[in-house]
Amino acid sequence: MKLTHTSTPDNIYPFDGQPGNIREVLEAAWSVIEAGVHDRHSAFHLPTVASISVEGLPVMRTTVLRGVDVKKRVLRLHTDRRSAKYSEMLADPRISLHFYDPAIKTQIRLEATAELHVEHPLAAAAWEASRPSSRLCYAAGIGPGIEVPSPPAAPTARDAEENNGYTNFCLVRTTVHSLEWLQLAAAGHQRAVFEWLGDGSVSARWLAP
């Protein structure tokens, strides 16, 4: 089945019952992902992101979902350019994202391609929109994952105000190519997959859960 992608209505949230059709599943999936950007209590606010290590192994970590453009299928994340995650995505931009909300017993898995923006107008705009407390993460003098004799002291607010961390900041824009949805229910689990084709249409299929 092919669907023509449209913007997501704000009021579609059919996870509390049986979805009317496969189009509603896709719309609802984007709706809960989008809601995760601003709702810090949402399980969709902190997706797990998997990339491929330089040794060719899958590596996972939890990140903060910073933005969603449903029409363009773009999710925005932030990372430190000194991190292993940055090096991994630079070498191989293929990534996966995983969301699970136990309250609605729903899992969403995404396959995407990452674009890295460092000291770029898009990165500058994302930096300016970040809270000072978030900027502090990038002001640390030691990069993520470096072995240390003991946990280092946290950077101060002064470090963030001086923008000392901006050169370490990276905006990650991920373009989604595939979305898989799974809802668990006593009446019967439901699973569907959506893949975006070259002409902009969506291939939609029900799968055995």
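Scanning the range 123-162 for residues that are farther than 22 Å from LYS85 by Cα and of a type in the set (S, T, N, Q) yields a total of 2.
If I filter the range 38-47 for residues that are over 13 Å from the mean Cα position of the chain (by Cα), surrounded by 17 or more Cβ atoms within 10 Å (Cβ to Cβ) and among the small types (Gly, Ala, Ser), do I get at least one hit? Yes - at least one qualifying residue is present in the range 38-47. All told, ARG82 falls short of being more than 9 Å from the chain's Cα centre (by Cα), without any contact (Cβ under 8 Å) to a residue 60 or more places away in the chain and in a loop (DSSP other than H, G, I, E, B). Would you confirm, using the coordinates I've provided, whether GLY143 is touching a residue at least 60 places away in the same chain (Cβ under 8 Å) and in contact with a helix residue (DSSP H, G or I) (Cβ under 8 Å, 6 or more places away or on another chain)? Considered against the rule, which asks whether it is touching a residue at least 60 places away in the same chain (Cβ under 8 Å) and in contact with a helix residue (DSSP H, G or I) (Cβ under 8 Å, 6 or more places away or on another chain), GLY143 comes out as yes. Counting only strands (runs of 3 or more DSSP E) that sit completely within the range 136-209, those holding 1 or more residues that are aromatic (Phe, Trp, Tyr) and surrounded by 17 or more Cβ atoms within 10 Å (Cβ to Cβ) correspond to 169-183, 190-196. One residue stands out among those in the range 1-37 that are under 20 Å from the mean Cα position of the chain (by Cα) and among the polar types (S, T, N, Q): the one that is modelled with the highest pLDDT, which is SER31.
ALA125 meets all of the listed conditions (1) at pLDDT 95 or above; (2) surrounded by 14 or more Cβ atoms within 10 Å (Cβ to Cβ) but one, namely (2). Total residues in the range 50-71 satisfying the condition of being within 19 Å of ALA28 (Cβ to Cβ) and not in a strand (DSSP E or B): the figure is 3. Selection of first residues in the range 41-56 that are closer than 11 Å to ALA91 by Cα and of second residues that are in a strand (DSSP E or B), restricted to Cβ pairs under 6 Å at least 6 apart or on distinct chains, gives the following pairs, ordered by first then second residue: SER51/VAL59; SER51/ILE95; SER53/VAL59.
For the range 150-204, taking the residues that are in contact with an Asp or Glu (Cβ under 6 Å, 6 or more places away or on another chain), touching a residue at least 60 places away in the same chain (Cβ under 8 Å) and of a type outside the set (S, T, N, Q), the one that is nearest to ARG135 (Cα to Cα) is identified as ARG173.
The values are calculated or read from the model by the stated rules, or taken from the named source; none is laboratory data. None of the values given here were measured: they were computed from a predicted structure. FYI the Cβ positions are ideal-geometry reconstructions off the backbone, even for glycines, and counts take in every protein chain you see.
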